[in-house]
Amino acid sequence: VCICRPTGKDPLCCIPLNQILAVERLHEDSFKMKNMFQIVQPERALYVQANNCVEEKEWMDILTKICQTNSNRLQHYHPAAYINGHWLCCMSPSELAPGCNDVSRGMEASLQMSLDPDREFQRIHSLLVTHMDRLDKLKDACECQAVYTGDVCFLPSFVIEDVQSCFHTLTAVRDVVFCLEQEHRSYLRSVARETKYGSKQAPIGDDNYLLLAARVGRLDTSFLKKTFNPPD
């Protein structure tokens, strides 16, 4: 999570998700300011003031959602700040004192999402196949850079610090995508071959059969046109 200045500026700070222990509102009395919330971290709490109550709720909702699965989330927190040698909420003098309030649990019900892993994997695979030429160019750039200059790859838009690892990762991704695409094409061919037009499964006039036949035909031509050759 990055706390940023206006668009185009460098972030003021970045907090790893596993270090967000709680996201809670902060009592106005702490700093005599409204619309404040706190991001509790292992070493300290970051106090943030939103522009208005709507923005405050949006910040808290999204931060709570993305860190909800953290195994080290707190069960208790301090709703006020530690000022002048004590917590304003419980008056404890120890800055390391356990929290005096239970953390909010209102977001758990909204996290019950309906997921379709097969559909999501299919989308990822389709994106990789569509943009395989880009991955190949990046892999070639890593290969050339490692041979001629060393471990760091400078490209127009970004820098690859570990060229060797990037190259091996891209090669592995490419190999897996190729194998999956081969399996996918074989499956579609077998379905088209076993499905007879005019049968109960594909009655005359059924658009699904016609679409399947056209799709299988496009697979053979479009796949060969791509610079997507089998792995060596």
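Considering segment 1-57, the residues that are at pLDDT 90 or above and hydroxyl-bearing (S, T, Y) include one that is nearest to C89 (Cα to Cα), namely S30.
Counting only strands (runs of 3 or more DSSP E) that fall entirely inside segment 1-101 and contain at least 2 residues that are touching a residue at least 12 places away in the same chain (Cβ under 8 Å) and surrounded by 12 or more Cβ atoms within 10 Å (Cβ to Cβ), the qualifying elements are 22-25, 36-40, 45-49. Among the residues here, M107 does not qualify as of a type outside the set (K, R) and either modelled with pLDDT of 90 or more or in the same structural domain as L170 (by TED's automatic domain parsing) (or both).
Checking segment 52-65 against the condition returns no match, with no residue being under 21 Å from C13 (Cα atoms) and in contact with a His (Cβ under 9 Å, 6 or more places away or on another chain). For segment 82-90, the criterion of a residue being modelled with pLDDT of 90 or more, under 19 Å from N101 (Cα atoms) and in contact with a Cys (Cβ under 6 Å, 6 or more places away or on another chain) is satisfied by at least one position.
The values are calculated or read from the model by the stated rules, or taken from the named source; none is laboratory data. These numbers were taken from a predicted model, which means no experiment stands behind them. Ideal geometry is used to build each Cβ from the backbone, glycine not excepted, and the neighbour counts take in all protein chains shown.
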